[in-house]
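J.: Quick one: the structure is below, questions incoming.
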Amino acid sequence: MTILAATPSALSPSMIVAGMVLVTVTFGYALSCWLAPFARCRRCAGAGTRKSLLGHRKPCRSCDATGWRLRAGRRIANTLRDLRDASR
Amino acid sequence: MKHERDDGEHELFDRLEREMTQDGGAAAGVTDLDAERARRRSGPADQHFEVSLDDDEDDGGPERGGGLVVEPVAVAGRREVIPSEWRGWANIRATVRYWLAYAGHVAAFHAVRLPWYAAQALFWAVVGVFRVAGRQIRWWWVAEQHSLRQAAADANDPGTWLKLHKETRSTRMWRFIVLGGEVLLLVLVLPVAWAVAPWWARVAGVVAAVAFLARAGRPADRRIVSAAVVTARLRRLSPDIVLRAYYAAGLGNPDRADKVVQFGSTMQRDASGTGSQVVIDLPYGRTFDDAVKNRGAIASGLDVSVNQVFLTRDATSHRRHLLWVADRDPLAIPAGKTPLLDCKRRSIWKAAPFGLDERGRAVELSLMWISVLIGAQPRKGKTFSARLLALYAALDPFVRLFIADGKSSPDWRKFALVAEDMVYGTHPTRDDADPVTHMRLMLRAVKAHILRVNEILSGLPVDLCPEGKLTAELARDPKCPDLRVVLLVLEEFQVYYELDDKDASSEIASLLSYIMAVGPSSGVVLLSASQKPSGVGGASNIGQLFTRFRDNHAARFALKCGNRNVSEAILGGDAYAEGIDASTLPTGKPYLGVGYLYGLTDDTPTVRTYLADHADAEKILIAARKHRETAGTLAGMAAGEVTVRETRDVLADVASVFAAGETGLQWPVIAARLAEAIPEHYADLSADAISAQCRSIGVRSVNVKSGGEVLKGAKLADVRAAIEGRDAA
Ligand SMILES: [Zn+2]
């Protein structure tokens, strides 16, 4: 992206904006994975329990009833780190 | 830091006080403190505050040696009610003047540096703003808990994370309020205060703020304000410390009247101002050697490095010696470049500058009439020290130089500028097809020189030659060109005792023995260096000659050795018995070129040799060559003379004894034919000798069949090949 932006011939305003947005989003997401690694569970919307088909509440299996899930980015980072540590 | 300096000053005043009481200052009431201080300030040692090592000085000292101290120095007892510097108007005035001068100096020192301080402070204050802000943000964000939260996320443990998160949230809220208040204060109150306050308060505020921020911003080891007065901590020796050291080293027992250690003198600074010294009397029956053996323990008792402790024998009694404790390790201070760099003419009849001893005194070596052995581990400065002395001799144009460099190193190559003859190594090279024969011829020439000198000297009238010995005048007399002083340098001489050719080794060994025995008194100075002086293999005659040659050197210089056997080989057994062991010399870069010089004087100085590196040596040798050109004494190899040697081309000689059609000859046949054809050279040549000689120059020894008998011999083809190989090289 930056390489493209650096070549003067391919400079168009929309591309610069798109590039900046992409960078901001990526960094913002990485930052949130670092500072707030957990987000609300999507299955139960953070409640920890769900309504079953029959209508009574039961613990959410997706988040072990905590209501929180690890962000996908953090999950990837953890996996990569574990791989690296295992290879040492 | 400040505290220490206070102690130092306190200590200084204690001493002042004590000494003044002693020399009647108290009785007179008035002492010229200015003069006293001037005296103190004059010496280099007095720029420091001396810090006593002994914590117990005030309570009278722990062990005073049973009252046997011969009043070494004024010993502190009761302190005066009113210190002498505040007693009497004259003293008070002098003291106030002193402190005013001191304060004036400090003020002037810092005033001059003020702009620099300001610049530095501003720079670090900018850094400090970020540091302080960063520190507060970390505090607000509960940074110390961060690693715990991350660990929870790493472990995918939402429970723990939630708990920590909740805890943190309340803390962060509180801290946010505190920080908000702080910012509010800065934003609202500060401008108001600025507007209201008088100018001096503003200045003070800015200075304080900058100082605070600079302090926060600067690295801990970078001080903005430098000290105006240097304080160095020196070991101040007191009699108590000395006694403590000797008793701790087991050299006496304070509780037994017949085992106490006594002082033979008062303790004093030595003349050079680099250490303290005192004469020690050991208990009856303990000897100087005991002290030398326990030097390490004494150093430990004195709480100094062993390199700072020096013991010197006393002529009057074997239980008495001089203890000298240097303020700092004197051997680690290099002696500097050689004074020979001025390239002036020197005289071999005067002492050669060699280095500095442990007290910084010049050590000189008078080369005439002696032989010097220098030994050490490789790369400890052996060649450099030998070369230092050879350079001195080179600067005397009337000294003939003969150099045999057994290791064929570049260190001696430049001596070709002045040397009359030089031998490199033992193996044929481009420069020298047969260095071993060359060596034999050179030594024969030296022997012939000795014989000639003695012949001339015995024929001279008594008024010219009073004691039948060479004199400085004779050695320079143009009418007696044969009476020059000769310097024979033998670098790694042991290799010439270990040649494959035993006959050559044996001849060289006996020549060297002769030169060693007769040479020095005939004006032949021997300068030998070896990294392997312990002896050459076998119990052969050569081995004995080697040992005898080595042990007959008059002066020995041992640099750092690998073990005490090597040290003993260089310095001799007597030196080891005296406690001198070159394997105990300190190791490390600062100690290169440090060694013991033994045999010249009664005390054995630890010498830091002057440095003359390759470039220096070359410069000196070029100058030496000029001196020789001026004096018209350039001769031999240095003068470009092709040495007319009665040398034999052994290969050519061997080739010549092959009759037409013969492809190989047995060694006994070759030896016999050579003896017959060239009797003046090969008259008593043995088969083994010619075999060894040929093998050393590249001719194989192979089986040759002749008359039905197979014996070792040489092929003509091999001899020819060796000749071609040599000529091509
Ligand atoms: Zn859930």
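The values are calculated or read from the model by the stated rules, or taken from the named source; none is laboratory data. If you're wondering where the values come from, they're calculated on a predicted model, not measured in any experiment. Counting neighbours? That spans all protein chains shown, and the Cβs are built from the backbone with ideal geometry, glycine included. Surface areas here come from the heavy atoms of the whole protein model, side chains and all, with no ligands, DNA or RNA. Shrake-Rupley method; radii C 1.70, N 1.55, O 1.52, S 1.80 Å.
J.: Provide the per-residue ³J(HN,Hα) series for the range B:175-187, in order, calculated from phi with Karplus coefficients 6.51, -1.76, 1.60 and θ = phi - 60°, each as a whole number of Hz, with x at glycine and proline positions.
T.: Once θ is set to phi - 60°, the couplings for the range B:175-187 become 5, 5, 5, 4, 5, x, x, 4, 5, 4, 4, 4, 6 Hz.
J.: May I ask for the Rg/Rh ratio of the range B:247-402, computed from Cα atoms with Rh as the Kirkwood radius, given to two decimals?
T.: Numbers: Rg = 20.0 Å, Rh = 18.4 Å.
Over the Cα atoms of the range B:247-402, Rg/Rh equals 1.09.
J.: With θ set to phi - 60°, apply the Karplus curve 6.51 cos²θ - 1.76 cosθ + 1.60 along the range B:705-711 and write out the HN-Hα couplings as whole Hz, x wherever there is a Gly or Pro.
T.: So the Karplus estimates, Gly and Pro as x, are 9, 8, x, x, 10, 9, 9 Hz.
J.: Using 7 Å Cα-to-Cβ label points, what is the B:Asp342/A:Arg84 separation (nm, one decimal)?
T.: 6.7 nm
J.: Further, regarding this structure: Compute the accessible area of each residue in the range A:58-88 twice, once for its chain alone and once with every protein chain present, using a 1.4 Å probe on heavy atoms, and list those whose area falls by at least 10 Å².
T.: A:Thr66, A:Trp68, A:Leu70, A:Arg74, A:Arg75, A:Asn78, A:Arg81
J.: When the label point is put 7 Å from the Cα of B:Gln136 along its Cα-to-beta-carbon vector, which residues of the range B:196-224 have a backbone N closer than 20 Å?
T.: Residues passing the 20 Å test: B:205-218.
J.: Also, I was wondering about something else. Report the calculated FRET efficiency for B:Glu724 and B:Ser506 (r = Cβ-Cβ distance, R0 = 25 Å), to the nearest 0.05.
T.: 0.20
J.: Given H placed on each backbone N at 1.01 Å, which residues far from B:Val525 in sequence or on other chains put an amide H within less than 5 Å of it?
T.: For B:Val525, the qualifying residues are B:Val486, B:Leu487, B:Leu488.
J.: While we're looking at this one, here's another question. Based on C-alpha coordinates, I'd like the Rg and Dmax of the range B:449-526, in Å.
T.: Expressed in Å, the Cα Rg and Dmax of the range B:449-526 come to 15.2, 50.
J.: About its Cα centre, what dipole magnitude does the range B:650-728 give when the only charges are +1 on Lys and Arg Cβ and -1 on Asp and Glu Cβ, stated in debye to the nearest 20?
T.: About 320 debye.
J.: Compare the Cα positions of B:Phe415, B:Leu122, B:Leu302 along the charge dipole of the protein assembly as shown (+1 at Cβ of Lys, Arg; -1 at Cβ of Asp, Glu; about the Cα centre) and return the one farthest towards the positive end.
T.: Value: B:Leu122.
J.: Given the Cα atoms of the range B:337-392, and with Rh set as the inverse mean 1/r over their pairs in the Kirkwood sense, what is Rg to Rh to two decimals?
T.: 0.96
J.: Shape call for the range B:339-635 from the C-alpha gyration tensor, a ≥ b ≥ c root eigenvalues: rounded (a/c under 1.5), prolate (a/b greater than b/c) or oblate?
T.: rounded
J.: Given B:Ile92, B:Gly406, B:Gly572, which one lies farthest toward the positive end of the charge dipole of the protein assembly as shown, if we put +1 on the Cβ of every Lys and Arg and -1 on the Cβ of every Asp and Glu?
T.: Farthest along the dipole direction, towards plus: B:Ile92.
J.: Let me ask you something else. Rounded to a whole number, what % of the accessible area of chain A do carbon and sulfur atoms account for, probe 1.4 Å?
T.: Carbon and sulfur together cover 67 percent of it.
J.: What average number of partner chain Cβ atoms lie no more than 10 Å from the Cβ of the residues making up B:137-150?
T.: Taking all residues of B:137-150 together, the mean is 1.
J.: For A:Cys60, list long-range residues whose amide hydrogen, built 1.01 Å from N in the peptide plane, is under 5 Å from its own amide hydrogen.
T.: A:Thr49, A:Arg50, A:Ala65
J.: Calculate the spin-label point distance for B:Val129 paired with B:Ala209, positioning each point 7 Å from the Cα along the beta-carbon direction, and give it in nanometres.
T.: So the label points at B:Ala209 and B:Val129 sit 1.0 nm apart.
J.: Please list, ordered by chain and number, the residues whose modelled amide H lies under 5 Å from the amide H of B:Val704; skip anything fewer than 5 residues away on the same chain.
T.: The list, which skips near neighbours in sequence, is B:Leu711, B:Lys712, B:Gly713.
J.: Something else now. Using the Kirkwood radius over Cα pairs, work out the Stokes-Einstein diffusion coefficient for chain B at 4 °C and 1.567 mPa s, in µm²/s as a whole number.
T.: Rounded to a whole number, D works out at 39 µm²/s.
J.: Take every residue in peptide B:307-315, count the Cβ atoms of other chains within 10 Å of its Cβ, and give the average of those counts.
T.: Neighbouring Cβ atoms belonging to other protein chains average 0 per residue here.
J.: Using Cα-only point scatterers and the Debye equation, what is log10 of I(q)/I(0) for the range B:600-700 at each q in 0.15, 0.20 Å⁻¹, rounded to two decimals?
T.: -0.75, -0.99
J.: Hey, another quick one. Take A:Trp34, B:Trp140, B:Trp174 and sort them by solvent-accessible surface of the protein heavy atoms, 1.4 Å probe, largest at the top.
T.: B:Trp174, A:Trp34, B:Trp140
J.: Where a ≥ b ≥ c are the square roots of the eigenvalues of the C-alpha gyration tensor, would you call chain A rounded, which needs a/c under 1.5, or, failing that, prolate if a/b is larger than b/c, or oblate?
T.: Values: a/c = 4.09, a/b = 1.92, b/c = 2.13.
Oblate is the answer for chain A, as a/c is 1.5 or above yet b/c matches or exceeds a/b.
J.: Rank these residues by their accessible area, most exposed first, probe 1.4 Å: B:Ile370, A:Ile16.
T.: On the way: B:Ile370 20, A:Ile16 75 Å².
So the residues, ranked largest to smallest area, are A:Ile16, B:Ile370.
J.: Something else now. B:Ser458: accessible area at probe 1.4 Å, nearest 10 Å²?
T.: 100 Å²
J.: Give me the distance between the Cα centres of the range B:117-177 and the range A:48-85, rounded to whole Å.
T.: Using only Cα atoms to place each centre, the spacing works out to 28 Å.
J.: Another one. Assign one of three labels to the range A:38-88, namely rounded, prolate or oblate, based on the Cα gyration tensor with a ≥ b ≥ c the square roots of its eigenvalues; rounded applies when a/c is under 1.5, prolate when it is not and a/b is larger than b/c, and oblate otherwise.
T.: Values: a/c = 4.61, a/b = 3.12, b/c = 1.48.
It comes out prolate by the Cα gyration axes.
J.: Would you please state the base-10 log of I(q)/I(0) at q = 0.11, 0.16, 0.17, 0.21 1/Å for the range B:262-338, with intensities from the Debye formula using one equal scatterer on every alpha carbon?
T.: -0.30, -0.60, -0.67, -0.96
J.: Okay, next question. If the viscosity is 1.567 mPa s and the temperature 4 °C, what translational diffusion coefficient in µm²/s does Stokes-Einstein give for the protein assembly as shown when Rh comes from Kirkwood over Cα pairs?
T.: 36 µm²/s
J.: Further question on the same structure: Counting only helical runs of four or more DSSP H residues, what would the 222 nm mean residue ellipticity of chain B come to if each run contributes -39,500 (n - 2.57) and the total is spread over all its residues? The partial results should precede the final answer.
T.: Values: 24 runs with 320 residues, N = 729.
Calculated from helices alone, the mean residue ellipticity at 222 nm is -14000 deg cm²/dmol.
J.: log₁₀ I(q)/I(0) of the range B:522-579 at q = 0.13, 0.18, 0.19, 0.30 Å⁻¹, via Debye over equal Cα point scatterers, no solvent, to two decimals?
T.: Taking Cα atoms of the range B:522-579 as identical point scatterers yields -0.35, -0.66, -0.73, -1.35.
J.: For A:Lys58 and A:Ala45, compute 0.36 nm times the residue count separating them, minus their Cα-Cα distance, and round to one decimal in nm.
T.: Values: separation 13, 0.36 × 13 = 4.68 nm, distance 1.38 nm.
Extra length from A:Lys58 to A:Ala45 when fully extended: 3.3 nm.
J.: HN-Hα J couplings of the range B:475-486 from phi, Karplus 6.51/-1.76/1.60, θ = phi - 60°, integer Hz, Gly and Pro as x?
T.: Listing the rounded values in order: 5, 10, 5, x, 6, 10, x, 7, 9, 6, 6, 10 Hz.
J.: Under a point-charge model restricted to the Cβ atoms of Lys and Arg (+1) and Asp and Glu (-1), what is the dipole moment magnitude of chain B relative to its Cα centre, in debye to the nearest 20?
T.: Details: 90 positive and 90 negative charges, 587 e Å.
Around 2820 debye, computed over chain B.
J.: Could you provide, to the nearest whole Å², the per residue accessible area of chain B with probe 1.4 Å?
T.: On the way: 36290 Å² over 729 residues.
Per residue, chain B has 50 Å² of solvent-accessible surface.
J.: Continuing with the same structure: Identify the trypsin sites (Lys or Arg not before Pro) of the range B:312-405 meeting these criteria: DSSP loop state and at most 10 other C-beta atoms within 10 Å of the C-beta.
T.: Of the trypsin sites (Lys or Arg not before Pro), the ones in loops of the range B:312-405 whose Cβ has at most 10 other Cβ atoms within 10 Å are B:Lys344.
J.: Calculate, in nm to one decimal, what B:Leu179 and B:Glu578 gain on full extension: separation in residues at 0.36 nm each, minus their alpha carbon distance.
T.: Result for the pair: 136.1 nm of gain on full extension.
J.: Express in % the proportion of alpha carbon pairs of the range B:650-728 at distances exceeding 20 Å.
T.: When all Cα pairs of the range B:650-728 are counted, 24 percent exceed 20 Å.
J.: In what sequence, largest accessible area first, do B:Thr630, B:Thr160, A:Thr26 appear using a 1.4 Å probe?
T.: Numbers: B:Thr630 120, B:Thr160 55, A:Thr26 85 Å².
I get B:Thr630, A:Thr26, B:Thr160, largest accessible area first.
J.: Right, another one. Rg and Dmax of the range B:114-225, Cα atoms, in Å?
T.: 19.5, 60
J.: Starting from the 7 Å offset along Cα-to-Cβ, what nm value, one decimal, do you get for the label separation of B:Asn156 and B:Arg361?
T.: The modelled label-to-label distance comes out at 8.3 nm.
J.: At a 1.4 Å probe, what is the % contribution of carbon and sulfur to the accessible area of chain B?
T.: Within chain B, the accessible surface is 58 percent carbon and sulfur.
J.: Only Lys, Arg, Asp and Glu count, each charged at its Cβ (+1, +1, -1, -1), so figure out the dipole size of the protein assembly as shown about its Cα centre, rounded to 20 debye.
T.: 6360 debye
J.: Right, next: Excluding ligands, DNA and RNA, what is the accessible area buried between chains B and A, summed over both sides, using a 1.4 Å probe, to the nearest 100 Å²?
T.: Numbers: alone 36830 and 7210 Å², together 42990 Å².
Between B and A, the summed buried area is about 1000 Å².
J.: Averaged per residue, what accessible area in Å² does the range A:38-88 show with a 1.4 Å probe, protein chains only?
T.: That works out to 75 Å² per residue.
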